[in-house]
């Protein structure tokens with residue numbers, strides 16, 4: 001298994017389809033509007049088709065998290081490492097049941113659970129991604145706190161991995177989801193799509209020192225998740241349809257861009273393709 005990067009070809013990926021009975025809790029979970037259950041199911045089915053077409057084995061989770069529409073965002077409750085999965089502890093109270101449910105699904109798929117964060121830690125997957133096999137980038141904000149980062153260090157450092165931490169902006173405050181990956185997605189070892197105005201200065205400097213070039217999403221496509229792109233492989237990206245300028249800029253940088261309609265599963269819940277998927281194996 002090779003999973004400690006964000007851009008080599010996805011061989012295996014974990015997803016959780018929407019559950020119609022959970023859609024009624026959309027207000028409590030801060031969604032922008034009520035998702036249409038049938039459309040949401042169809043859009044997620046298309047997402048799974050695109051993942052399979054890219055060569056990935058799609059592992060579909062089924063352990064219920066009743067009344068939690070956010071449970072479709074499979075990236076947040078776990079961190080994948082070469083040794084297996086680390087269960088995180090979401091900073092959003094309504095999502096605290098998700099890691100336990102995901103653990104059942106992942107173990108059934110043969111993925112070992114190698115660690116778990118404990119109270120009072122908070123950490124969400126959207127605030128972290130592997131820059132390379134030895135470096136995890138982590139955003140410190142309202143969903144990932146100092147104790148979460150401390151526990152992650154204790155779990156990862158024995159294997160030789162290091163954590164680089166960057167403060168996230170306040171933006172609209174703790175009630176709105178703002179993750180590190182709200183404004184950056186790796187596309188290759190030397191390329192990332194970003195919303196540059198929101199990137200921490202030290203992160204910009206680190207990436208430039210590493211030779212990472214930027215595809216910049218324009219201001220008008222930040223809120224519609226222009227920078228939220230899943231790398232299916234080096235310079236092959238899966239994006240939410242409806243961000244034409246970001247797509248044009250990615251294609252100009254040599255990226256093969258594939259899109260899906262995400263009105264119900266992405267835009268209303270503010271979760272793009274990286275949020276909807278948890279790659280289990282890249283190679």
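Where a number appears in this text, it was derived from the coordinates with a stated rule and is not lab data. Just so you know, these numbers come straight off a predicted model, no measurement behind them. Neighbour counts are summed over all protein chains in view; Cβ atoms, including those assigned to glycine, are modelled from backbone coordinates with ideal geometry.
Hey, for a label at residue 49 modelled as a point 7 Å past Cα toward Cβ, could you say which residues of the range 234-275 have their backbone N under 11 Å away? In the range 234-275, the label zone of residue 49 (backbone N under 11 Å from the point 7 Å along Cα→Cβ) covers 261.
Over the chain, with a Gaussian network built from C-alpha contacts below 10 Å, which listed residue (44, 170, 179) shows the highest mean-square fluctuation? It is 170. Comparing 211, 262, 30 in a Gaussian network model of the chain (Cα springs below 10 Å), the most mobile by mean-square fluctuation is 211. Each 10 Å bin from zero up to the one holding the largest Cα-Cα distance in the range 169-283 carries the following percent of pairs: 14, 48, 33, 5. Taken over the alpha carbons of the range 235-276 as equal point scatterers, the Debye sum produces base-10 log I(q)/I(0) values at 0.16, 0.22, 0.24, 0.29 Å⁻¹ of -0.39, -0.69, -0.78, -0.99. Give me the distance between the Cα centres of the range 136-180 and the range 201-275, rounded to whole Å. Their Cα centres are 21 Å away from one another. The translational diffusion coefficient of the range 1-99, from Stokes-Einstein at 20 °C and 1.002 mPa s with a Kirkwood hydrodynamic radius over alpha carbon pairs, comes to 145 µm²/s.
Over the chain, with a Gaussian network built from C-alpha contacts below 10 Å, which listed residue (90, 120, 35) shows the highest mean-square fluctuation? The residue with the greatest mean-square fluctuation here is 120. Two decimals is fine: what is log10 I(q)/I(0) at q = 0.06, 0.12, 0.14 Å⁻¹ for the chain, from a Debye sum with one equal scatterer on every Cα and no solvent? Taking Cα atoms of the chain as identical point scatterers yields -0.15, -0.67, -0.96. Spacing of the modelled spin labels on residue 62 and residue 21, each 7 Å from Cα toward Cβ, amounts to 1.5 nm.
Here, P(r) means the percent of Cα pairs in each 5 Å bin from 0 to the largest distance; for the range 54-194 it is 2, 9, 19, 22, 21, 17, 8, 1, 0.
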